[in-house]
Structure formats: structure tokens, C-alpha cells
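A.B. asks: What follows is a single structure, and I will ask about it in a moment.
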Amino acid sequence: MPEDFEVIKTSKKVVKTSEAGANPDPAPDIFEVVAINFVLPTYIKFETNTDLKFEMKVQVDKENVLFEGKEIGKVIERRSASDVKVDTDHSIKYTGGYSKDGKTIYLDSRFPKIINVDGKEVNAVDTIAMHHELSEKWLVDEGYTYQYAHMIATKIEREYVESLGVNWDAYSKEVEKHLHEVSGAPLQISPRDLDLAPYTMSNDTATLQEIEKTTEK
């Protein structure tokens with residue numbers, strides 16, 4: 001059954017003269033597209049002649065990419081939440097983070113794994129680690145700034161939370177409460193392979209120094 005993906009990034013590829021050949025007719029434009037399915041989540045990259053815009057929806061049936069019922073390309077790269085592990089044994093400033101190689105997603109050991117929102121239990125490992133942090137890492141690795149990647153990751157987290165029938169504002173309020181408690185406490189043990197990009201891109205010198213002092217040997 002086809003899965004829905006949302007377009008995050010479209011880049012026009014530059015065709016070299018040698019690739020275009022001697023044909024006087026201009027070759028059709030080729031676009032490289034990044035799209036994310038927020039359910040698992042899953043990241044894909046594909047090439048197409050269709051100029052897809054941000055937030056447009058495509059469907060993926062195995063490796064075939066469809067737009068408005070028409071095949072427009074094939075998946076050339078796929079990443080999935082099933083490819084990573086979640087570590088909850090370390091201290092992470094601002095609650096969540098990821099390893100440099102993207103194979104480990106971190107959720108602070110002091111942050112509750114289950115939070116209660118209006119009487120509903122929400123798994124923070126799913127919402128924060130697997131939907132926000134993992135998506136953010138994918139986008140940072142694509143060359144986005146941390147600030148933009150964080151904004152898109154928050155959108156993906158929100159879509160997932162709302163798909164659970166949970167009110168986003170109530171969820172955010174509960175998360176913010178726990179985040180404030182965790183972020184205000186000193187770091188204990190920081191992982192050796194923590195990706196420091198979010199802190200360096202934010203010029204967060206104080207946090208970088210604290211991480212350096214608490215990194216496990």
C-alpha cells in the first residue's frame with residue numbers, strides 16, 4: 001500500500017555540458033527531492049522532472065514515487081527510524097540529541113519516557129527522540145542550518161502528536177515543563193559521540209564547555 005510523504009526540499013540539478021551531449025534541444029530539468037513520512041518516520045530522496053514544492057504530498061509504493069496518481073521517479077536513498085537505536089542513559093542538554101553518525105538518538109536520562117497529556121499517555125521516546133531529533137539530524141546532514149532543521153522537525157513532531165489525537169498546545173506545555181526541569185540541572189555524563197552541531201550553530205559556548213567537562217572517558 002502506498003505511503004504518504006511530505007516534500008521537505010527540492011534542488012534543481014545542474015546538468016554538465018558533456019552529459020547534455022550535442023542535442024540542440026534543451027534537456028528537461030531534473031530535481032533532487034527530499035521527503036519525509038512522519039508516521040515511522042522515514043526519509044527518502046529521489047530524482048524527478050516534476051518541480052515539487054515544499055509541503056507537497058507524494059506517495060511511495062515500494063520504490064516508485066507517485067504524484068497525483070502518476071509515477072514521477074524512483075527512490076534512490078531511504079533512511080528509517082528502524083535503522084537507529086535510542087539511548088536514554090546519558091545527560092543531554094535541552095533533552096534530545098544525536099550521535100555524529102546518526103545511528104544513535106539520545107533522550108536525556110532524567111526526562112520522563114511517558115508523559116501525561118490531558119489524561120492520555122504519550123511516549124516521549126517516539127515523539128521527541130524518533131520524530132523530532134531523528135528528523136532534525138537527517139536535515140542537518142542535508143546541509144540545513146540547525147535553526148531551520150529544528151523548525152521542520154518540530155512540524156514533523158506536531159503532525160505525529162496530532163495523529164495520536166493529542167492536543168499540540170497541551171502536549172507542548174507538558175514537554176516544556178519537563179524540559180525546563182532537565183535543562184536547568186547540571187549535565188552528568190555526556191556521550192562521546194554526541195553531534196555538537198546544534199550547539200555550535202547556536203553559538204552556545206556555555207553548553208559546549210559543560211559538555212566537554214562531562215563527556216564520558
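A.B. asks: Are there any GluC sites (Glu not before Pro) in segment 25-105 that are in a DSSP loop and have at most 15 other Cβ atoms within 10 Å? List them by number. Each step should come with its number before you reach the end.
C.D. replies: Numbers: sites: Glu32, Glu47, Glu55, Glu63, Glu68, Glu71, Glu77; in loops: Glu55, Glu63, Glu68.
Taking segment 25-105 and a limit of 15 other Cβ atoms within 10 Å, the loop GluC sites (Glu not before Pro) found are Glu55, Glu63, Glu68.
A.B. asks: Sticking with this one: Rounded to the nearest 20 Debye, what is the dipole magnitude of the chain about its Cα centre when Lys and Arg each give +1 and Asp and Glu each give -1 at the C-beta? All intermediate terms of the calculation are to be shown ahead of the outcome.
C.D. replies: Numbers: 27 positive and 40 negative charges, 67 e Å.
Using only the charged Cβ atoms, the result is roughly 320 debye.
A.B. asks: Okay, moving on. Quick one: length gained pulling Glu68 to Met201 fully straight, 0.36 nm per residue minus the C-alpha distance?
C.D. replies: On the way: separation 133, 0.36 × 133 = 47.88 nm, distance 3.81 nm.
This chain segment gains 44.1 nm when fully extended.
A.B. asks: Here's something else I'd like to know. Ile30's amide H: which non-local residues (gap 5+, or another chain) put their own amide H closer than 5 Å, with H modeled 1.01 Å from N in plane and none for Pro or chain starts?
C.D. replies: Residues meeting the criterion, in which the H sits 1.01 Å from N, are Lys13.
A.B. asks: Another one. Can you list residues from other chains, or at least 5 along the same chain, whose modelled amide H is less than 5 Å from the amide H of Gly73?
C.D. replies: Here the answer is Val65, since their amide H atoms fall under 5 Å of that of Gly73.
A.B. asks: Report the relative contact order of the chain, percent, no decimals, based on alpha-carbon pairs under 8 angstrom and at least 6 residues apart.
C.D. replies: Values: 365 pairs, mean separation 34.4, N = 217.
Averaging sequence separation for qualifying contacts and normalising by length gives 16 percent for the chain.
A.B. asks: Counting other beta carbons within 10 Å of each residue's own, what order do Ile44, Ile72 fall into, fewest first? It would help to have the intermediate numbers written out before the result.
C.D. replies: On the way: Ile44 24, Ile72 18.
Ascending number of Cβ neighbours within 10 Å: Ile72, Ile44.
A.B. asks: Of Tyr106, Tyr98, Tyr148, Tyr199, how do they rank once you tally other Cβ atoms within 10 Å and put the fewest first? Please report the intermediate quantities before stating the final value.
C.D. replies: Numbers: Tyr106 24, Tyr98 27, Tyr148 14, Tyr199 21.
By the 10 Å Cβ count, ascending: Tyr148, Tyr199, Tyr106, Tyr98.
A.B. asks: Continuing with this model, one more query. Once both axes come from the Cα atoms, what is the angle between helix 146-163 and the longest principal axis of the chain, in degrees from 0 to 90, rounded to 10?
C.D. replies: With rounding to tens, the tilt is 80 degrees.
A.B. asks: May I ask for the angle, rounded to the nearest 10°, between helix 168-183 and the longest principal axis of the chain, with both axes built from Cα atoms and the value confined to 0 to 90°?
C.D. replies: 50 degrees
A.B. asks: Evaluate the charge dipole of segment 102-217 about its Cα centre and quote only its size in Debye, nearest 20, assuming +1 on the Cβ of each Lys and Arg and -1 on the Cβ of each Asp and Glu. Mind showing how you got there, number by number?
C.D. replies: On the way: 12 positive and 21 negative charges, 47 e Å.
For segment 102-217, the charge dipole is close to 220 debye.
A.B. asks: Among 121-127, 35-41, how do they line up by average Cβ neighbours within 10 Å per residue, starting with the highest?
C.D. replies: Numbers: 121-127: 17.6, 35-41: 20.0.
Answer by packing, highest mean first, reads 35-41, 121-127.
A.B. asks: Okay, moving on. Starting with the fewest neighbours, write out Phe5, Phe67 ranked by other beta-carbon atoms found within 10 Å of each beta-carbon. All intermediate terms of the calculation are to be shown ahead of the outcome.
C.D. replies: Values: Phe5 26, Phe67 17.
Ordered by Cβ neighbours within 10 Å, fewest first: Phe67, Phe5.
A.B. asks: 222 nm [θ] for the chain, helices only, -39500 (n - 2.57) per DSSP H run of 4+, per residue, to 500?
C.D. replies: Numbers: 6 runs with 61 residues, N = 217.
So the helix-based figure for the chain works out to -8500 deg cm²/dmol.
A.B. asks: Which listed residue (Ser135, Thr95, Leu187) has the Cα farthest towards the positive end of the charge dipole for segment 84-214, taking +1 on Lys and Arg C-beta and -1 on Asp and Glu C-beta about the Cα centre?
C.D. replies: So the residue furthest toward the plus end is Leu187.
A.B. asks: Whole-Hz Karplus ³J(HN,Hα) for segment 188-204, in order, using 6.51 cos²θ - 1.76 cosθ + 1.60 and θ = phi - 60°, x for Gly and Pro?
C.D. replies: The phi angles translate into 9, 10, 9, x, 5, 9, 5, 6, 8, 3, x, 7, 5, 5, 9, 6, 8 Hz.
A.B. asks: Going by a ≥ b ≥ c, the root eigenvalues of the Cα gyration tensor, does segment 147-217 fall in the rounded group (a/c under 1.5), the prolate group (a/b larger than b/c) or the oblate group?
C.D. replies: Numbers: a/c = 2.52, a/b = 1.83, b/c = 1.38.
Prolate shape, in that a/c is at least 1.5 and a/b is the bigger ratio.
A.B. asks: Further question on the same structure: Seen from all sides and averaged, what is the projected area of the convex hull of the Cα atoms in segment 84-214, in nm²? Don't jump to the answer; show the numbers that get you there.
C.D. replies: Numbers: hull surface 29.1 nm².
Computed as one quarter of the Cα hull surface, the answer is 7.3 nm².
A.B. asks: Helix 205-214 versus the longest principal axis of the chain: what is the Cα-based angle in degrees, 0 to 90, to the nearest 10?
C.D. replies: Helix 205-214 sits at roughly 70 degrees to that axis.
A.B. asks: Still on this model: In whole Å, how far is the Cα centre of segment 59-110 from that of segment 170-217?
C.D. replies: Each part reduced to its Cα centre gives a spacing of 21 Å.
The numbers here are math on the coordinates, done by the rules we state, and not lab data. As the structure is a computational prediction, the values presented were derived from the model and not from experiment. Glycine gets a Cβ as well: all are built from the backbone with ideal geometry, and neighbour counts include every protein chain shown.
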